[in-house]
Amino acid sequence: MLACWKARPEFFNNIRNNCSRNLRSGLACRAQDQTVSFTERKKNKKVVIVGSGWAGLGAAHHLCKQGFDVTVLEGGYELGPKTKSLSPDDACIRGFWYPYRNIFNLVNELGLKPFTSWTKSGQYSEQGLEVEFPIFQDLPQLPTPFGTLFNTQFVRLPLLDRLTSLPLMAAVIDFDNTDTAWRKYDPITARELLKQFGCSERLFRDVFDPLLQVGLFAPTEQCSAAATLGMLYYFVLANQKNFDLVWCRGTVREKIFEPWTESLKSRGCRFLKGRKVTDMVVDEETGCISQVICEKESFKTDASIFAVGISTLQEIIQSSAALCAKEEFLKTLNLKSIDLLTVKLVLDRKVKIPYASNVSTGFDDSSCAWTFFDLSTIYDEYKDSATTIIQADFYNANELLPLKDEKIVDKVIYWLSKCIKDFENVTVIDKEIGRFPKFLTHFFPGSYKYMMRGSTSFPNLYMAGDWIVNRHGSWSEEKSYVSGVEAANRVVEHLEEGSFGKIDAVEEDEPHIQSLRSFNRNLYDIRAHLNFPFLPHLSIFLS
């Protein structure tokens, strides 16, 4: 799988002597650390980055090292309403998974040690524990999908039901993360996909439905089959080790973002809070963005990066005459976002929780999915506490957001007690609730055609985030960070200064997957060349 951007041939020729590695393999020139004085920085080209999450900081990190004058605008979009310690950076797919190569390289570069060791996870239903996910790298390595299928510990699910997952590999092989594959599978729902490939009702209810709901944040009948295949392959099926994960030993903000931000400030990067973008000034001669406007304040720029979520971008578009004039931006107004609720509870006693991280679906016919975490074993600050500290994150939480805090706490304790009986007699001695409406990306069926690429019709405006279209193959935080570096590389290319940031490609497909995908592509090519529309492809043979 490839890094998503490609240098123009004429520009690549100019830098060939300085950079001989091939960008398309995911490699690039080794970035040179450059610390420049304020006086020198005033002479350097200016880059404005909107957003300070994984994507925005990833872009700023590389561009600061290349000596650009970088300003990061923090409008408050990134963190939602302020709470004592809760933020969406510590919710969603909040673990750091085995294939997060680029994030692990980053924290090593920063000299940080924020992570726990590899941990096991559990999955619950109203009947109790359903699945134990082991540390897969400690077990015999089997070819995909057999490593995941046979090493995962299913408490109640019969083998026959598990085997009904195998035909789905035909769609996994057919879906190769190309534009063609996305357009083919995106109109189909995840539920339709699983039915089409013979997934049993019990396997769907007890395993796939909870996993997909917490991975894509919505019920399977509301999720794109293309996004489902991409997410499943990256986190679960590409290699059995991919499902292994570590946790941040405190909040991501405290353990990673704050020291990372301080290192950027030491290189001259400016972070300006409370700046919400309202418009841009466009140079009529070049078509480039020359200024970014934040209400009555403006920032001159030679290149800009938008590293924000969908709802924030939509807010910016609706206020900006410059963006409203572009069809690609207007199309994004068709995209949707999902509500997130995160609840932190301090309990009066120690509760024995088998796994630090856990997955479940909503009970009482609720349409939300949720995860819960034993912070007493994950966070350093709680290791010696005589209490239990739990955090539960709820996705597609539109039914929960309007409720009063006390009602939410009652529901959370009741649902936790359905999973683990020891929660039945606890007393909540402290609580913290974070409501984040329209915060998570909704990969609904048909959404792909509205999503933006990393480059835009403005020659010097670039996009980054977990929702943009790229070909790297990663998801969640890793995709956000990678897309930020990709955007920085586009700035380097456009301004013709600096060197390219290194992006590690995802691990190559296993040999049998490579062979099957090659065979599948050849069938497509033959069918197209001979104009035989009835010639089957691999998914027909295997299903």
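The values are calculated or read from the model by the stated rules, or taken from the named source; none is laboratory data. On a predicted model such as this, the values are computed, not experimentally measured, just so you know. Cβ: placed from backbone, ideal geometry, glycine included. Neighbour counts: every protein chain shown. Protein only, heavy atoms only, side chains kept; ligands, DNA and RNA dropped before computing areas. Shrake-Rupley method; radii C 1.70, N 1.55, O 1.52, S 1.80 Å.
Please identify the GluC sites (Glu not before Pro) of the range 261-292 that satisfy two criteria: DSSP loop assignment and at most 11 other Cβ atoms within 10 Å. Which are they?
GLU284, GLU285
For the range 386-484, how big is Rg over Rh, using alpha carbon atoms and the Kirkwood form of Rh?
1.14
Can you give the calculated 222 nm mean residue ellipticity of the chain, where each DSSP H run of n ≥ 4 adds -39,500 (n - 2.57) and the sum is split over every residue, rounded to the nearest 500 deg cm²/dmol?
Rounded to the nearest 500, the figure is -9000 deg cm²/dmol.
Kindly flag which residue pairs out of LYS296/LYS326; LYS350/LYS404; LYS65/LYS265; LYS344/LYS383; LYS336/LYS502; LYS276/LYS300 have an alpha-carbon separation exceeding 21 Å in this structure.
Cα-Cα > 21 Å for LYS296/LYS326; LYS350/LYS404; LYS336/LYS502; rest within.
Taking 8 Å as the Cα distance limit and 6 or more residues as the minimum spacing, I'd like the relative contact order of the range 437-487 as a percentage.
31 percent
Using only protein heavy atoms and a 1.4 Å probe, report how much of TYR524 is accessible, in Å² to the nearest 10.
60 Å²
Hey, can you find the accessible area per residue of the chain for me, probe 1.4 Å, expressed in square angstrom?
42 Å²
At a threshold of 8 angstrom on Cα-Cα distance, excluding pairs fewer than six apart, so keeping six or more, what relative contact order does the chain reach in percent?
RCO, the chain: 25 percent.
Tell me the relative contact order for the range 325-401 as a rounded percent, counting alpha carbon contacts under 8 Å between residues six or more apart.
Relative contact order, the range 325-401: 40 percent.
What ³J(HN,Hα) values, in whole Hz, does the Karplus curve 6.51 cos²θ - 1.76 cosθ + 1.60 give for the range 282-296 when θ = phi - 60°, with x put for Gly and Pro?
10, 6, 5, 6, 9, x, 8, 6, 9, 9, 9, 9, 10, 6, 8
Which percent, nearest 5, of DSSP beta bridges in the chain are antiparallel?
70 percent
What's the FRET efficiency of ASP430 with ASP365 using the Cβ-Cβ distance as r and R₀ = 41 Å, to the nearest 0.05?
Efficiency at R0 = 41 Å is approximately 0.85.
For a test of the definition: using alpha carbon positions, the gyration tensor, and the 1.5 limit on a/c, classify the chain as rounded, prolate or oblate.
Oblate, because a/c is 1.5 or more while a/b does not exceed b/c.
Need the list of aspartates and glutamates near LYS479 for cross-linking: C-alpha distance under 12 angstrom, and skip anything on the same chain fewer than eight residues off.
Correct list for LYS479: ASP466, ASP504.
Using a Förster distance of 22 Å, how high is the FRET efficiency between GLU295 and ARG270, based on the Cβ-Cβ distance and rounded to 0.05?
0.80
Could you compute how much accessible surface GLU297 exposes when probed at 1.4 Å, giving the result in Å² to the nearest 10?
Approximately 70 Å² of GLU297 is accessible to the 1.4 Å probe.
Can you send over the solvent-accessible area of SER518, 1.4 Å probe, protein chains only, in Å² to the nearest 10?
50 Å²
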